[in-house]
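Step one of this worksheet: look at the structure below.
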Amino acid sequence: MNEAARVKFLKIFLSLVFLFFLGKLFELQLYRSLEYKRQAESNSIRTIQHDPIRGLIFDRNGKIIVDNVPSYTVTLVPYEFEMKNLDVVAKLLNVEPQYIMDKISSAPSPFTPVKIRRDAPLRAIAYIEEHKNELRGIDYLIEHKRNYRASGLASHMLGYVKEITSSQLTIYRGLYKPGDQIGQSGLEKSYESIIKGGKGYRFIMVDALGRFVGRYNDGRNDIPPSEGSDLVLTVDIELQSFLEQLFQDKTGSAVVIDPRNGEILAMVSKPNYDLTLLSGYTSKQVWDSLNSDPKKPLLNRAISGLYSPGSTFKMILAITALETGAVDSNWKVYCPGYFVYGNKVFKCHTSQGHGWVNLVRAIEVSCNVYFYNLMLRTNFDDWSRYGALFGFGKRTGIDLPEELDGILPSTEYFNRVYGVNKWTKGYLISLAIGQGEISVTPLQMAGYAMALANSGKYYQPHLVKEIVDKKVGKVQKVSYRVREIPVSQETFDIVRRAMYMVVNGSVGTGRAARVEGVNVAGKTGTAQNPHGKDHAWFIGFAPYENPEIAFAIIVENAGTGGSVAAPIAREIVKKYFELKNQRTEFKLVRWR
């Protein structure tokens, strides 16, 4: 290549380079300027998220059960935070340094404040105020935390609110951010979308050191948070409190329900836990202690505790036999105190036996021998079908999370577990008296008692009566399912009469449930426990003539239903009518 060609090539090359840089400059000036302006603004404009105030929770009489109180939350901006202060901040907030590091790692942006300690003590806030220049990137804001008016009351039912977990962030992608609060159990979880409210956002300007300069656009772009809706429960908090006291030193559960509509008036699971321990900041030691406690205080026994129903299940067999014509109510069996099937001896609960008994008498005295015989005369699949009609083997649909189905055996169940033709009728003997491979929850038992009380109407058990939307001033009544159980009134009359005799008969096993001036009907049960003392059951309703309450009670490792659970039922009935009469008198005085 001669000299002239080289010069020409060099000129062309330099022209192309010049044109390339000119094009880039043109792109930066015209096309990227807005983007870079936004990026610059994002580094100087900080978005402060304002969590909404969660809705209040009231009992059926308008008493506040759960509200909110102000609380300090400490925040950290990763870009501005100096790691030399890590140990100082960790000690100040009583958290592990690694905990803060994990929070920093989860930050969506180095310029976005992350919440590193909720419910911070006042001394920590005072220290931050005094050392703002040294603790760059550390700030605090005032939020609201849940305030449980009676911290140890209805803890399983109400539930608690905590910071969202990483797995939940995956499930609720786009709806929540790291550091957000979410209902983790109970009603707080079931009604999260209704009571959480809407987030608000405030935009502020900061300088290169992260110091507040002013409100962006004079606050015109700010979005105020919206309060969550309130819940009005079906629960009578005074009856709930009384029930909690009855179970103070016991392990077990009790559910009281209105058989006229399925509204739960009280629901207790013991042992329980103090909700204030899980409101705001919870230390790892406290959380580990609750989770590892062998008494399982976090377990809601009312909906997740599974037990054999014992003799309380005898009415299912009685109804099945009467409805299918296997026997009538006059069919009698002689009870010598035991029953022989093959080479096995099954005992009655009294060794001397009950002599000749018919169906009503057998329920009154809880004669096992009568029901052993009755089970062998009744089609097993019919028994399973009627058990399912009364709500066993499936969830009730209560407005709480973590409800369990329980187990209601059937031919299909035994074939699946043991194989076709590999089980015999001997497996059914124990089922006759509610033992063996059957498990129920206390709530299912309360629903069963409700359906017996009202002669076949099964209302979906529920805890929320109304939802109050404060934004529009609207009160929404919550509707629930109801179904009719196809059982004749004649059969219900026979079984209900037998339950009346259990409490009011001269030899009834539930005589300890008697209440002066109120006719109580019920059934005792003793569930065998392979790990210790038997569990005590009592289910029933009152008044017998026009039931207003139905209930199920179980006390673990306590003995017999007649001696342990029936007296609790008596106190529940007395308290219910005492409260009812007090409120009636109060209304009359106000009216006068």
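Filter segment 163-184 down to residues that are in contact (Cβ under 8 Å) with a residue 40 or more places away in the chain, buried (at least 20 other Cβ atoms within 10 Å of the Cβ) and part of a strand (DSSP E or B), then give me how many there are.
Qualifying residue count, segment 163-184: 1.
Looking for something touching a Pro at 6+ places or on another chain (Cβ under 7 Å) and assigned to a loop (DSSP other than H, G, I, E, B) - is there at least one such residue anywhere in segment 113-134?
no
Do we have residue 213 as in contact with a Phe, Trp or Tyr (Cβ under 6 Å, 6 or more places away or on another chain), in a strand (DSSP E or B) and either closer than 22 Å to residue 55 by Cα or not aromatic (Phe, Trp, Tyr) (or both) here?
no
Could you grab the pairs with beta carbons closer than 8 Å, sequence gap of 6+ or different chains, first residue in segment 265-293 and surrounded by fewer than 20 Cβ atoms within 10 Å (Cβ to Cβ), second one of a type in the set (Val, Ile, Thr)?
Filtered contacts from segment 265-293: 271/251; 277/286.
Across segment 122-171, what is the number of residues that are under 19 Å from residue 100 (Cβ atoms) and of a type in the set (Lys, Arg)?
Total meeting the criteria: 4.
Quick one: is residue 187 crowded, with 16+ Cβ neighbours inside 10 Å, in a loop (DSSP other than H, G, I, E, B) and of a type outside the set (Asp, Glu)?
Answer is no for this residue.
Restricting attention to segment 105-145, which residues are surrounded by 14 or more Cβ atoms within 10 Å (Cβ to Cβ) and among the charged types (D, E, K, R)?
Answer for segment 105-145, where residues must be surrounded by 14 or more Cβ atoms within 10 Å (Cβ to Cβ) and among the charged types (D, E, K, R): 115, 117, 118, 119, 136, 139, 143, 145.
Count, please, the residues in segment 166-183 that happen to be closer than 24 Å to residue 140 by Cβ and within 18 Å of the chain's Cα centre (by Cα).
2
Please go through segment 19-78 and pick out each residue that is closer than 30 Å to residue 236 by Cα, part of a loop (DSSP other than H, G, I, E, B) and either at pLDDT below 80 or in contact with a Lys or Arg (Cβ under 7 Å, 6 or more places away or on another chain) (or both).
Answer for segment 19-78, where residues must be closer than 30 Å to residue 236 by Cα, part of a loop (DSSP other than H, G, I, E, B) and either at pLDDT below 80 or in contact with a Lys or Arg (Cβ under 7 Å, 6 or more places away or on another chain) (or both): 52, 54, 60.
Mind checking which strands (runs of 3 or more DSSP E) fall wholly inside segment 418-494 and carry at least 3 residues that are acidic (Asp, Glu), free of Cβ contacts under 8 Å to residues at least 60 places away in the same chain and surrounded by fewer than 22 Cβ atoms within 10 Å (Cβ to Cβ)?
Those strands (runs of 3 or more DSSP E) do not exist here; none qualify.
Just checking, which of 508, 525, 517 is within 23 Å of residue 577 (Cβ to Cβ) and touching a Ser or Thr at 6+ places or on another chain (Cβ under 9 Å)?
508
Going through segment 538-592 one residue at a time, which ones are at pLDDT 95 or above, among the aromatic types (Phe, Trp, Tyr) and assigned to a helix (DSSP H, G or I)?
Correct list: 576, 577.
Considering only segment 508-542, state which residues are in contact with an Asp or Glu (Cβ under 7 Å, 6 or more places away or on another chain) and in contact (Cβ under 8 Å) with a residue 60 or more places away in the chain.
508, 526, 527, 528, 535
Name the residue that is nearest to residue 487 (Cα to Cα), counting only residues in segment 329-348 that are in a loop (DSSP other than H, G, I, E, B) and under 42 Å from the mean Cα position of the chain (by Cα).
The selected residue is 329.
For residues in segment 517-526 being part of a strand (DSSP E or B) and buried (at least 23 other Cβ atoms within 10 Å of the Cβ), which is farthest from the chain's Cα centre (by Cα)?
Here the residue is 521.
Output the number of the condition that residue 462 fails; it satisfies all remaining conditions of (1) within 30 Å of residue 197 (Cβ to Cβ); (2) more than 26 Å from the chain's Cα centre (by Cα).
Against the list (1) within 30 Å of residue 197 (Cβ to Cβ); (2) more than 26 Å from the chain's Cα centre (by Cα), residue 462 comes up short only on (2).
Can you report the number of residues in segment 123-150 which are farther than 19 Å from residue 202 by Cβ and of a type in the set (Phe, Trp, Tyr)?
2
Looking for something part of a strand (DSSP E or B) and either at negative phi or of a type outside the set (A, V, I, L, M) (or both) - is there at least one such residue anywhere in segment 273-291?
Checked segment 273-291: no residue is part of a strand (DSSP E or B) and either at negative phi or of a type outside the set (A, V, I, L, M) (or both).
For every residue, the table says whether it meets (1) of a type in the set (Gly, Ala, Ser); (2) within 30 Å of residue 186 (Cα to Cα); (3) touching a Phe, Trp or Tyr at 6+ places or on another chain (Cβ under 8 Å).
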site: 297; (1), (2), (3): no, yes, yes
site: 303; (1), (2), (3): no, yes, no
site: 308; (1), (2), (3): yes, yes, no
site: 312; (1), (2), (3): no, yes, yes
site: 317; (1), (2), (3): no, no, yes
site: 324; (1), (2), (3): no, no, no
site: 329; (1), (2), (3): yes, no, no
site: 332; (1), (2), (3): no, no, yes
site: 335; (1), (2), (3): no, no, yes
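Scan segment 535-549 for residues that are of a type outside the set (A, V, I, L, M, F, W, C) and in contact with a helix residue (DSSP H, G or I) (Cβ under 8 Å, 6 or more places away or on another chain) and jot them down.
535, 540, 544, 547, 548
Exactly one condition in (1) of a type in the set (Gly, Ala, Ser); (2) surrounded by fewer than 20 Cβ atoms within 10 Å (Cβ to Cβ); (3) part of a helix (DSSP H, G or I) is false for residue 351; which is it?
In the conditions (1) of a type in the set (Gly, Ala, Ser); (2) surrounded by fewer than 20 Cβ atoms within 10 Å (Cβ to Cβ); (3) part of a helix (DSSP H, G or I), residue 351 misses (3) alone.
The values are calculated or read from the model by the stated rules, or taken from the named source; none is laboratory data. This one's a predicted model, so the numbers in the text were calculated from it and none came from an experiment. Note that each Cβ is placed from the backbone with ideal geometry, even for glycine, and that neighbours are counted across all protein chains shown.
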